[in-house]
Amino acid sequence: MQNNNIQSISAIQAERPKFQYHPYHMVTPSPWPLFISFSLLILTMGAVVYFQGIISPFGDSGLSLVILGLISTTLCMVLWLRDIITEGTFLGDHTFKVQKGLTLGITLFITSEAFFFLSIFWALFNGCLSPDVALGGQWPPMGIESINPFELPLLNTVLLLSSGASVTYSHHALLNKNRSGAIAGLIITILFASVFTYCQGIEYSNAPFTISDGMYGSTFYMSTGFHGIHVIVGTIMLAVSLARLIQYHFTNTHHIGYESAILYWHFVDVVWLFLFVSVYWFGG
C-alpha cells in the first residue's frame, strides 16, 4: 500500500512543471466533485422516495437508494480527502498563501452556517414572542410538555464547553510542540463529543413530543437536530485530524486542516449556547 502511494505521488509530481513562479496551488483535474454530485443526487432522490412512502415497481421503498447514496457519498469524500491530504502534506501545495485562502474559505462556510441557524431562531422567536390563535395564544402550545433545560440539556452544555476547552488545549499543545498533550486533548474532545451525541439520542427517545407536533416540535427538532448533525460532522473532522496527528502530518506551523476543524467545533459550541438559552430555557 505504501509503495502504491509513493508511486501515485511520483506520478503526480511528474505531470507538474518543475518550476513554479507563484505561491498559488493550481489544482489538477479531479473526478470527485462530479462523482459526489451524482452521489448526493442519488441520496436526495432516495430520501424523498423513502419519506413519501412511494413503492417502486420492484417493491422497493427508496431505502436501497438512500443506502447506495450514503455509501457512494462517503467513498467520494474519503477519496477526495485523501487527495487533499496528499497535496497539502506530501506535495507541498499548501503554501502560506494557499493556507490563507483555505482559512478564508472555512470562515465563509461557517458564516453561511450561522445564517442558516439564524433562520431557525427567527422562526422560533416569531412563535414564542407572539403566539397566534393557532398556537393557543401561548408558548409552548397547549398540550406540549417541554423538556426540563436543567437535566440532559445542561449536561450536554457542560460536555460541549468542556470539549471546547480540551480542543483548545490540544491546539496550544501542538503550537508548543507538545505532541502527547495535543493527542490527549484531541482524544478527550472526541470522547466528549461522542457522549454528547449519545445523550442527545436519549433525549430524543424520551421526548414527550415529536416533530409533527405543530410549530413547537418543528422548530425544536429542526434546531437541535441540525445542530446534532453538525456535531457528528465536527466529530468526524476531529477524528480525521487525530489520525493525521498520530501519523505526523501536522507541525506547529503547518496544520491548516486541524485549525479548520477547531474553528468549526467552536462554532458548534457557540450555536449550542444559543440553543440552550433560546430553545430549552427561554422557549420552554
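List of remarks:
- Qualifying residue in the stretch 146-169 (condition: more than 17 Å from residue 264 (Cβ to Cβ), in contact with a Pro (Cβ under 8 Å, 6 or more places away or on another chain) and assigned to a loop (DSSP other than H, G, I, E, B)): yes
- Listed by first and then second residue, the pairs with beta-carbon distance under 9 Å, at least 6 apart or on different chains, first residue in the stretch 79-106 and more than 19 Å from residue 20 (Cβ to Cβ) and in the same structural domain as residue 250 (by TED's automatic domain parsing), second part of a helix (DSSP H, G or I) and among the hydroxyl-bearing types (Ser, Thr, Tyr), are 103/260; 105/260; 106/260; 106/264.
- In the stretch 183-210, the residues that are in contact (Cβ under 8 Å) with a residue 12 or more places away in the chain and more than 21 Å from the chain's Cα centre (by Cα): 184, 207, 208, 209
- Residue match in the stretch 229-242 (condition: buried (at least 18 other Cβ atoms within 10 Å of the Cβ) and over 14 Å from the mean Cα position of the chain (by Cα)): yes
- Selection count where residues are in contact with a Gly (Cβ under 8 Å, 6 or more places away or on another chain) and not acidic (Asp, Glu), scope the stretch 255-284: 7
- Any hit, the stretch 137-146, residues being over 11 Å from residue 216 (Cα atoms) and either of a type in the set (A, V, I, L, M) or surrounded by 14 or more Cβ atoms within 10 Å (Cβ to Cβ) (or both): no
- Qualifying residue in the stretch 70-86 (condition: in contact with a His (Cβ under 8 Å, 6 or more places away or on another chain) and not in a helix (DSSP H, G or I)): no
- Number of residues in the stretch 217-228 that are surrounded by fewer than 17 Cβ atoms within 10 Å (Cβ to Cβ) and farther than 20 Å from residue 141 by Cβ equals 1.
- Within the stretch 62-89, considering residues that are β-branched (Val, Ile, Thr), crowded, with 17+ Cβ neighbours inside 10 Å and over 16 Å from residue 243 (Cβ atoms), the one nearest to the chain's Cα centre (by Cα): 73
- Looking across the stretch 184-216 at every residue that is under 15 Å from residue 228 (Cα atoms) and polar (S, T, N, Q), the one that is surrounded by the fewest Cβ atoms within 10 Å (Cβ to Cβ) is identified as 205.
The values are calculated or read from the model by the stated rules, or taken from the named source; none is laboratory data. The shown structure was predicted, so the numbers you read here are calculated from the model rather than taken from an experiment. Every residue, glycine among them, receives a Cβ derived from its backbone with ideal geometry; neighbour counts consider all protein chains shown.
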